[in-house]
Amino acid sequence: MADYVIIGGGIYGCAVARELATRGAEVLLLEARSIASGASGGLGERGVRANGRDVRELPLMRLAYDIWLALQDEIGGFTGYRRLGHLQLIERDEDLAAAPAQVWLQNQQGIESRLLDAAQTRELEPGLSEKVIAAIYCPKDGVADHTATTRSMAQAARAQGAIIHENARVNGMARRGERVVSLSAEINGELVDVPVGEQVFLLSNAHAGGFVAEHLGLTLPIWRMLPQVMALRADIPPPMTRLIGHAHRTLAIKPLPDGRVMVSGGWRGRWDETTGRGEPVAEQVEGNRREAVAVFPALADLPVDEVYTDRAEMVCADGIPIIDRLPGADNMLVGVGWSGHGWAIAPAVARLLAAWALSGERPRLLAAFGYGRFV
């Protein structure tokens with residue numbers, strides 16, 4: 001019997017497994033497919049970004065900055081972390097009017113932030129459109145290879161003694177009173193009863209809402225979204241060197257190590273019920289590309305190399321994740337609804353989740369993410 005059973009082999013499941021195993025706990029992680037097969041894997045890189053985040057997440061980002069710097073050495077595996085800096089571009093006067101308040105807020109939370117005028121912005125990124133009139137700059141923001149990081153984290157967890165089963169789909173649980181005592185799982189095609197010692201972590205993002213509804217009778221205010229990720233092929237170095245966001249456009253741009261340009265930011269694919277997979281939508285691809293060219297005209301000459309919409313993510317009603325114990329399962333911690341708000345803070349949240357499970361006390365920095373805010 002494992003002390004701690006974790007459902008989900010994305011960055012949160014693997015990071016929590018490592019944190020607990022490092023502290024001497026017996027840990028079992030169950031992943032329905034393979035490590036990083038969901039939203040924690042896929043094309044390109046993920047932003048390690050504080051700029052423009054919800055204020056409730058900024059203290060977590062302050063912690064995460066330091067963790068990311070040391071993480072590759074700490075886990076002994078590749079993360080691809082690069083501190084590029086992030087520019088939130090501004091084209092409209094109304095967004096410029098609000099920018100000083102955002103800069104002040106972020107600095108108050110320990111996130112180094114500066115408001116740049118048009119000339120200062122173009123000193124950093126000369127290829128920008130003349131329509132850009134200012135930018136908020138966070139020099140400590142960056143990117144990481146999400147697939148490599150998640151797999152490295154899983155390997156580090158194993159090295160500390162955690163047991164990880166892939167092809168292990170959890171489809172049920174048994175409770176005694178308000179306590180989860182066992183899980184039902186199909187591991188490599190065989191039905192297995194998995195006893196729970198101390199704690200269950202439900203961190204299987206796209207699977208969690210349905211599981212909670214079926215076994216606890218609770219509704220989580222989340223829904224599935226298929227984010228579109230596109231790579232433009234560049235025969236020359238990318239026309240930007242930093243992570244790019246925008247105050248009003250649906251846009252995120254990252255220069256990739258292989259010379260391509262990753263373009264995303266909230267454009268979506270469509271779910272195909274016949275294949276059970278997400279598929280690109282031509283209008284969404286063109287719209288995303290058009291937004292990118294509007295701020296970096298040189299991108300107009302780059303062909304689309306790849307488009308993926310196969311990694312489902314979960315969005316929460318108020319935009320930030322749910323991190324909490326739920327009524328009816330006192331020894332189960334749930335984390336869900338991470339889309340756009342999960343990757344960068346993952347190492348900090350995982351550390352806090354492990355501390356919560358070991359001490360029984362919710363860390364103060366996670367209080368704002370409770371399920372109780374909805375009910």
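The values are calculated or read from the model by the stated rules, or taken from the named source; none is laboratory data. For clarity, every value in this text was computed on a predicted model and none was experimentally measured. Cβ placement follows ideal geometry from the backbone for every residue including glycine, while neighbour counts extend to all protein chains displayed. Side chains are part of the model used for accessible areas, which takes the heavy atoms of the whole protein and leaves out ligands, DNA and RNA. Shrake-Rupley method; radii C 1.70, N 1.55, O 1.52, S 1.80 Å.
Taken over region 262-276, the criterion of being more than 28 Å from G245 (Cα to Cα) and either in contact with a Gly (Cβ under 6 Å, 6 or more places away or on another chain) or in a strand (DSSP E or B) (or both) is satisfied by D272 alone. Looking only at region 282-321, residues that are small (G, A, S), open to solvent by 20 Å² or more (accessible area, probe 1.4 Å) and at negative phi come to 6 in all.
None of G276, G328 is on the phi > 0 side of the Ramachandran plot and without any contact (Cβ under 8 Å) to a residue 60 or more places away in the chain except G276. Note on region 302-357: residues that are in a loop (DSSP other than H, G, I, E, B), within 22 Å of E19 (Cβ to Cβ) and among the β-branched types (V, I, T) total 2. Selection of region 359-375 for residues being out of contact with any strand residue (DSSP E or B) (no Cβ under 6 Å at 6 or more places or on another chain), surrounded by fewer than 17 Cβ atoms within 10 Å (Cβ to Cβ) and in contact (Cβ under 8 Å) with a residue 24 or more places away in the chain yields A368, G372, R373, F374. Considering (1) part of a helix (DSSP H, G or I); (2) more than 29 Å from T121 (Cα to Cα); (3) in contact with an Asp or Glu (Cβ under 9 Å, 6 or more places away or on another chain), the lone condition that A294 does not fulfil carries the number (2). With respect to the conditions (1) open to solvent by less than 60 Å² (accessible area, probe 1.4 Å); (2) closer than 30 Å to E91 by Cα; (3) not aromatic (F, W, Y), A346 falls short on a single one, namely (2).
Residues are listed down the side, and each one gets a yes or a no for (1) farther than 16 Å from L202 by Cα; (2) of a type in the set (G, A, S):
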position: A317; (1), (2): yes, yes
position: D330; (1), (2): no, no
position: H341; (1), (2): yes, no
position: I345; (1), (2): yes, no
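Being aliphatic (A, V, I, L, M) and touching a Cys at 6+ places or on another chain (Cβ under 7 Å): is that true of M173 here? Answer is no for this residue. Given the condition closer than 25 Å to G44 by Cα, out of contact with any helix residue (DSSP H, G or I) (no Cβ under 7 Å at 6 or more places or on another chain) and not in a helix (DSSP H, G or I), answer yes or no: does some residue in region 149-165 qualify? Scanning region 149-165, I find no residue that is closer than 25 Å to G44 by Cα, out of contact with any helix residue (DSSP H, G or I) (no Cβ under 7 Å at 6 or more places or on another chain) and not in a helix (DSSP H, G or I), so the answer is no.
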